[in-house]
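This report concerns only the one structure given below.
The values are calculated or read from the model by the stated rules, or taken from the named source; none is laboratory data. Because the structure is predicted, anything quoted here is derived from the model rather than measured. Virtual Cβ from ideal backbone geometry, glycine too; neighbours counted across all protein chains shown.
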Amino acid sequence: MTQKKHDPNNKIAAENRKARFSYEVLDTLEAGLVLTGTEIKSLREGHATIGESYASVEGGEIWLINSYLPEYLQANRFNHEPRRRRKLLLNKREMARLSQSIEREGMTLVPLKIYFNDRGRAKLQLAVARGRKLHDKREAAKQRDWGREKARLMKDRG
């Protein structure tokens, strides 16, 4: 069995851990990001947050709104604005499918994580999701706890 070497490029820069709890994820896809040089350097340091961000369809394009990439300290006066809107790179068919799916009632585009692929490119994992109500969140927590308990019981038994 050959083990894959740890690739320093293939790492998660930012993750929205609350998204899977607050939303019911129906579909995911990978999108590229239009970033400046200082934004990439800031991402590689791993201080970005996408917890309160979302994606929106405007003028036939999809934008990542309210994501926070802190300024790169060594960039001096050539720095970027931390909360600027960032364009997502998708092909026309994917954009059409996403815009149709979010026109339906209660659907939204939620970023799950920003990561670097094997080629060192920054990618965004985007989800088409439906917001969960409080009772749905409780049910999900109950199912998760029962899964853990079941695994614990099976481990003790076998």
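Details
- The set of residues in segment 57-73 being more than 22 Å from residue 12 (Cβ to Cβ) and either in a loop (DSSP other than H, G, I, E, B) or modelled with pLDDT under 85 (or both) consists of 59, 60.
- Residue that is of a type in the set (D, E, K, R), in contact with a Leu (Cβ under 8 Å, 6 or more places away or on another chain) and under 22 Å from residue 11 (Cα atoms), where the choices are 86, 121, 130: 86
- So residue 151, is it closer than 24 Å to residue 54 by Cα and out of contact with any Cys (no Cβ under 7 Å at 6 or more places or on another chain): no
- Segment 29-56, residues that are of a type outside the set (Gly, Ala, Ser), assigned to a strand (DSSP E or B) and modelled with pLDDT of 90 or more: 29, 30, 33
- Qualifying residue in segment 95-110 (condition: among the basic types (Lys, Arg) and closer than 21 Å to residue 18 by Cα): no
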